Structure formats: structure tokens, C-alpha cells
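Written below as C-alpha cells is the structure these notes are about.
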Amino acid sequence: MSNFSWQTLPKPIVALAPMSGVSDIAMRSIARRWGSDITFSEFISTDALHFKVAHYLGLGQPKGVHISKEDILRTLEDKAYWEDDKSFVLAKFIEEERPFIIQVFGNEPEHFHTTVTILNQLFKPDGFDINFGCPARSVIHNGAGSCLFLQPDLARKIIETVKMVCDPLPVSIKLRAAYKHVPALEFLKAIEGAPFENVTLHMRTYDQVHHGEPNWDSGKELKQYLATKNIPLIANGGIASGEDAVKVLEYTGADGVMVAQASLGNPFIFSEIKAAIAGKPFEPVSLAQRIETVLAQTRIMLEHKGPRGIIEMRKHFLWYFKGFPNAAELRGLLSKVETIDQLEAALATIHQTQTEPTTA
Ligand SMILES: Cc1cc2nc3c(=O)[nH]c(=O)nc-3n(C[C@H](O)[C@H](O)[C@H](O)COP(=O)(O)O)c2cc1C
């Protein structure tokens, strides 16, 4: 059993953000190697797992129905039924990622009960995170993600359910600066006393989605409130350099920072942030280091996802070489790669013909 605790995790925390369709097992492991202190899974739908269990058990009206722990776990005995389950692929991690937190989303407490029961049993993560920040239409349409700001009693019930199932593992929550007229602080006050042990704040509103100026005051305000409860805050949004991270930490007083978009093809940012926090200079990585990192990430992907792993890596290849001279040519080269040999050949060509990037 994990003895991870948000309280004892050294501060300031530097974290890779959960990113659906992007922060896969390989990206996360590489981010850890470059200095991320903790990783989160991509978000996992609680509806998907609940309905799959209910279907197996032949439950007619599965939405919101309580399924006993025994029944939930009994379904796992049928290995063929669960083979290649998409949620399981998302929840899988490797030991070097620990502490590893599984993030879940939904709006039915019973679905969280089913999902966390299964994922906890199978994967033994270090904690569960609940997504109260997602602005995606498909998620909001189902009453999940950031629109739960409008239903704090339901949000509380969800947090209590997850904690009850995964106890003694800690539960954390991820919020936005505001959903419509409800700011994060108002939401937090409305769920006061719920059993969560860490908050991550994406300092942008629902309307801003993933772009635009983050509102650092929302971070500062939340930190002041959470300090009275001894709950750490991780600030997120628009952090693209070591300097940004230091400024955000100073301004908000947060206990950590989380980076999403600026880490695409750039796991080096976690070392850069660590160096900036320590007041040390950070040497930009060499082309050889970049190439070695791409290869290491691809090998992890192949090991865990098989040959199709390289296809999923293609978007990462493009991010790694964005801003390089002849970017279009490189894109052509990398977007067709199907095997590790082809990748090595393409990288060797890049090594011979390229200088360092013009932009990071
Ligand atoms: C492609 C993509 C997928 C994302 N998926 C998730 C997710 O699964 N769970 C989550 O809490 N946030 C998700 N986010 C939001 C990020 O975790 C982060 O809060 C947001 O991008 C702001 O950070 P940034 O400015 O450093 O990118 C996603 C963002 C992007 C760009």
C-alpha cells in the first residue's frame, strides 16, 4: 500500500499536467526523468467503467445504480471481457512514475464508486484526482468537469465517495479559476470539509478554455484560503519557462506548479523549472540530448503499447522538432515513421543536417 501524502511531498511541487490524448505512459515517465515530481493519468470516464461493469452483470438500468464491491471485482475474473479495455490502458503506469495519481471524471457518485473500486484494486496508484476543471463540451454536456461548480453538494458527495473507496489514499481535486459566475473560491467554500488533500487550480476560467491570460489573483486568493486548512495548492496555466514558474510561485504563494502545453516536446522544462527555483542557470539541451530523449520515450511507448505505440508517438516527434530550421521537411520525415529503425534513421539525418532550434 502506498504511503504517499500530499503533505510530505517536498515543496515546491513541479508537476506534469494530465492531458487527455497526450500525457501517455511514455511522456509521463520521461517527464519524471527530467524533473516532474509527480504524474497524473489522462482523465478517465467513470461512466465508461460503470456501464461496462453493469453490462456484464446484466443490470437493466445501470445509471446511478449501486453495485457492490464484490460484484464489481467479480467481473474482473473474466479476463477476456476486459482485454484491451481503454480505461485500463489510461490507468496503467510504471513504477518510476510514482507518485502516480489516477484522474477520474463524471457526475454520478455511484459511477465513481464503481470506477475507483476497480482502478484501485488493479493499479494501486498513490491517489485519485477528481476533475472539476474540464471545459470540453462533451464533458459539460454530461454534467461533469467544471460545471460541477454549480452543484457543490453533488461535488461533495463525489469527493466523499472516492475517499471512502480509496481510503487511506489521498483524494485531490483540479479546478478552474471560475465556471460561469462561480469563482473557484466560492466553490471551495461550498465544499468545505470534504475529504480532499490537495487542490490544483488552472488559473483560467471556463470561457478561456486552455488559452489567454491566466488570472494569478485567483491562485493567490485560493492559496490564502487553503493555507488556513493546511491543504497544498498547485498553480497551473500559462507556465512556459523556469522564470514563469518562479514568478507564479512568488505571486500566488502556491506550493507547486503544473505544466501542460509548454511540456509538449519539451520535458526539459521540468529541469528548467527546478533550476530556476534553485536559483541556478539552466543549460538548453543539446540536439543529441533531444534525440536521445525522443528515442527513450519511443522505447517506453513500444514496450507498453506495442508497434502502434510509434504511431501515437508521431505527434510527439513533431513537437520535439517544432521551430527547427526546415521544420516542414522534418515533419515530412517524422510523420511517416513506422518502426524504431526508421525513427533512428530519421533522427540520424536530423543530427547530421540540423543545427539547434530557433525557438524552443
Ligand atoms: C490536449 C489537452 C488535454 C487535456 N486533458 C486534461 C485532462 O485529461 N484532465 C485535466 O484535468 N486537464 C486536462 N487538460 C488541462 C491541462 O491539464 C491544464 O490544466 C491546461 O492545459 C492549462 O495548463 P497550460 O497552460 O500549462 O497548458 C488538458 C489540456 C490539453 C491542452
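Just a few scattered comments:
- Every pair of residues 6+ apart whose Cβ atoms lie under 6 Å, when the first sits in segment 261-272 and is over 15 Å from residue 39 (Cα atoms) while the second is near the ligand (Cβ under 8 Å from one of its atoms) and not aromatic (Phe, Trp, Tyr): 262/240
- With respect to the conditions (1) under 20 Å from the mean Cα position of the chain (by Cα); (2) away from the ligand (no atom under 16 Å from the Cβ); (3) assigned by TED's automatic domain parsing to the domain that holds residue 174; (4) not in a helix (DSSP H, G or I), residue 5 lacks only one, and its number is (3).
- Taking residues in segment 198-226 that are farther than 18 Å from residue 245 by Cβ, and partners anywhere that are among the charged types (D, E, K, R) and surrounded by fewer than 19 Cβ atoms within 10 Å (Cβ to Cβ), the pairs with Cβ atoms closer than 8 Å and at least 6 places apart or on different chains are 206/180; 225/189.
- A single member of 133, 143 is on the phi > 0 side of the Ramachandran plot, in the same structural domain as residue 41 (by TED's automatic domain parsing) and outside any strand (DSSP E or B), and it is 143.
- Output for segment 242-262, where each listed residue is surrounded by fewer than 17 Cβ atoms within 10 Å (Cβ to Cβ) and more than 10 Å from the ligand (Cβ to nearest atom): 243, 247, 250, 251, 253
- Checked against the criteria, residue 252 does not count as touching a Gly at 6+ places or on another chain (Cβ under 9 Å), of a type in the set (Ser, Thr, Tyr) and under 18 Å from residue 149 (Cβ atoms).
- Each residue in segment 162-182 was checked for being assigned to a helix (DSSP H, G or I) and either surrounded by fewer than 23 Cβ atoms within 10 Å (Cβ to Cβ) or touching a Ser or Thr at 6+ places or on another chain (Cβ under 7 Å) (or both), and 4 of them qualify.
- If the condition is being within 14 Å of the ligand (Cβ to nearest atom) and part of a loop (DSSP other than H, G, I, E, B), then segment 224-241 contributes 237, 238, 239, 240, 241.
- Among the candidates 150, 169, residue that is of a type in the set (A, V, I, L, M) and touching a residue at least 60 places away in the same chain (Cβ under 8 Å): 169
- Scan of segment 203-241 for residues that are closer than 18 Å to residue 130 by Cβ and touching a His at 6+ places or on another chain (Cβ under 8 Å), ordered by number: 236
- Hey, residue 138 within 15 Å of the ligand (Cβ to nearest atom) and touching a residue at least 40 places away in the same chain (Cβ under 8 Å) or not: no
- All positions within segment 223-237 that are surrounded by 21 or more Cβ atoms within 10 Å (Cβ to Cβ) and either farther than 17 Å from residue 184 by Cα or among the polar types (S, T, N, Q) (or both): 236
The values are calculated or read from the model by the stated rules, or taken from the named source; none is laboratory data. All values reported here derive from a predicted model rather than from experimental measurement. Virtual Cβ from ideal backbone geometry, glycine too; neighbours counted across all protein chains shown.
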